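Data block below; observations after.
The values are calculated or read from the model by the stated rules, or taken from the named source; none is laboratory data. None of these values were measured; they are calculated from a predicted model. When we count neighbours, we look across all protein chains shown, and the Cβ atoms used for this are built from the backbone with ideal geometry, even at glycine. Just so you know, the surface numbers come from the protein's heavy atoms only, side chains and all, with ligands and any DNA or RNA stripped out. Shrake-Rupley method; radii C 1.70, N 1.55, O 1.52, S 1.80 Å.
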Amino acid sequence: MTINKYQGKTKEEAIEKAKKELGPGAVVMNVREIKPTGVLKAFKGSIFEVTAALEEKEVFTNPLAALNTPAKMHDGISLAADEKIQVPKAAPTPATAPVRQNAEIKEEPVKEERKKDGLEKRLEDLSNMLEKQLSVEESRKEEIIEPQNENPEGLQFVKMLYRTLLENDVNEKYVNQIMDEAEKVMHNGSSVDYILSTVYQKMILKLGQASTIDTTGKKPKIIFFIGPTGVGKTTTIAKIASKYKVEIGMKVAFLTADTYRIAATEQLRVYANILDAPMSIIYSAEEMNAAIERVSDYDLIFVDTAGFSHKNEAQCSDMQKMIAGLDEAYEKEVYLVVSATTKYKDLLEIVDIYKDIADYKLIFTKLDETTTYGNMFNIKMYSGASLSYMTNGQNVPDDIEEFNTQKIVKQLLGGR
């Protein structure tokens, strides 16, 4: 993993530098404003420092050399967050704690007829060395390396992280994947700070950075909001539209296909009147395209759709037809709005059903109604969809922000 810092006069300029050097796959891990100091600080502006990372493909490393190498090999990495994570002290753990202490190595067979040049000779020497120093059970298909440098403090810390993630409702499958990363450095005698830093950075990379509305390209951009009933789609639309109208100065319009609930239509009409934005009620894809044509000089058109049970096949089909019926001349984005309080099993069904309707980005609502955020990590890992916004209340246009990966990861690891 490559981690670098970049500075610019604005956050966007610093991020652009990171993307230019690391490529489009770079993930922003931290943004910090550096305010001027000294007697001339009144005449200087702030600069922004961005910490960005790029996940690299794993390469084969001599495991015996890694086990005998001190922490020197980790000099270049530090915890990216400015705020320290406060983690409770580890309590005694039963011997049955589900943390594996062995690293697995799979060796690919080397063809006998291959000519041994310099590189191949080194690989052969490495293979011979492993055969002499490792204890191999003939009944097993995989070879196990017993850690040579014991790290009791690190092991206890990893067990504590394991429990903390489970308590925050992170699915055990994904907890085990995260712990694999911790074990790789724990066996090298690394400090708990470095173990925590590794886990923190890996989790941030897995979640990725927020992917919000792309305002470039052709106008108008059509933004669909889909999701189950009662998750706060209409309020979320009002919050996002207010940001783009009031703070950025873009022209916004509203369409609503939620004709099942009269209250929802009236609620959106109130928001439209406050923002002095046009609003239309639509019943089909044909009416939608006609309504869009009437406001084609606007920047963003927000489409509120009907909330329904993900088990209602007829309404799912109607939704799919409407989104697919958008005129090809228009660019669209689709956002699936789900509640952070919904049970994990139900969320799995929801994201699967709506995946058949359209490709989407994720918005999580009602963070203020739960104390555990593990389901957001679970659903991101399960669906692979980009995270965009999260809301934590009913206030419009407040109580919404771009998905804050750092904040969520800190909370999952026991921080506040």
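Okay, residues lined up against (1) under 21 Å from residue 175 (Cβ atoms); (2) under 15 Å from the mean Cα position of the chain (by Cα):
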residue: 362; (1), (2): yes, yes
residue: 379; (1), (2): yes, yes
residue: 383; (1), (2): yes, yes
residue: 390; (1), (2): no, yes
residue: 409; (1), (2): yes, yes
residue: 414; (1), (2): yes, no
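Of all residues in the stretch 305-324, those satisfying the criterion of being at pLDDT 80 or above and in a helix (DSSP H, G or I) are 316, 317, 318, 319, 320, 321, 322, 323, 324.
Examine the stretch 281-289 for a residue that is open to solvent by 50 Å² or more (accessible area, probe 1.4 Å) and under 32 Å from the mean Cα position of the chain (by Cα), and state whether such a residue exists.
Step one: list which residues in the stretch 281-289 are open to solvent by 50 Å² or more (accessible area, probe 1.4 Å), which gives 281, 283, 286-287.
Keeping just the survivors that are under 32 Å from the mean Cα position of the chain (by Cα) gives none.
No.
Going through (1) within 14 Å of residue 225 (Cβ to Cβ); (2) open to solvent by 60 Å² or more (accessible area, probe 1.4 Å) one by one, residue 361 falls short only on (2).
One line per residue, one yes/no per condition, for (1) under 25 Å from residue 395 (Cα atoms); (2) within 18 Å of the chain's Cα centre (by Cα); (3) crowded, with 23+ Cβ neighbours inside 10 Å; (4) at pLDDT below 90:
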| site | (1), (2), (3), (4) |
| --- | --- |
| 195 | no, no, yes, yes |
| 198 | no, yes, no, yes |
| 208 | no, yes, no, no |
| 211 | yes, yes, no, no |
| 226 | yes, no, yes, no |
| 229 | yes, no, no, yes |
| 233 | yes, no, yes, no |
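Condition check: of a type in the set (A, V, I, L, M, F, W, C), assigned to a strand (DSSP E or B) and buried (at least 18 other Cβ atoms within 10 Å of the Cβ). Does residue 204 satisfy that? Steps first, answer last, please.
Values: of a type in the set (A, V, I, L, M, F, W, C): yes; assigned to a strand (DSSP E or B): no; buried (at least 18 other Cβ atoms within 10 Å of the Cβ): yes.
So residue 204 does not fit the description; no.
Kindly check whether there is at least one residue in the stretch 326-339 that is over 19 Å from residue 304 (Cβ atoms) and open to solvent by less than 20 Å² (accessible area, probe 1.4 Å). No - not one qualifying residue is present in the stretch 326-339. Taking the stretch 291-316 as the range and being out of contact with any strand residue (DSSP E or B) (no Cβ under 9 Å at 6 or more places or on another chain) and either farther than 21 Å from residue 335 by Cβ or open to solvent by 40 Å² or more (accessible area, probe 1.4 Å) (or both) as the test, the residues that pass are 293, 296, 297, 309, 311, 312, 313, 314. Residue 179 satisfies every condition listed in (1) in a helix (DSSP H, G or I); (2) free of Cβ contacts under 8 Å to residues at least 40 places away in the same chain except (2). Those residues that are of a type in the set (S, T, N, Q) and more than 25 Å from the chain's Cα centre (by Cα), I need them from the stretch 235-268; list them, please. Within the stretch 235-268, 256, 259, 265, 267 qualify. Just one of the listed residues (378, 392, 404) is open to solvent by 20 Å² or more (accessible area, probe 1.4 Å) and in contact with a helix residue (DSSP H, G or I) (Cβ under 8 Å, 6 or more places away or on another chain), and it is 392. Filtering the stretch 255-268 to residues that are over 16 Å from residue 287 (Cα atoms) and either of a type in the set (A, V, I, L, M, F, W, C) or modelled with pLDDT of 90 or more (or both) leaves 262, 263, 264, 268. Filtering the stretch 163-193 to residues that are open to solvent by less than 30 Å² (accessible area, probe 1.4 Å), out of contact with any His (no Cβ under 9 Å at 6 or more places or on another chain), farther than 15 Å from residue 206 by Cα and at pLDDT below 90 leaves 183, 186, 187. Residues in the stretch 1-29 that are in a strand (DSSP E or B) and either modelled with pLDDT under 75 or touching a Leu at 6+ places or on another chain (Cβ under 6 Å) (or both): 2, 3, 27, 29.
If the requirement is being out of contact with any Gly (no Cβ under 9 Å at 6 or more places or on another chain) and outside any strand (DSSP E or B), which of these qualifies: 377, 302?
Working: 302 fails: outside any strand (DSSP E or B).
Every option except 377 fails the conditions.
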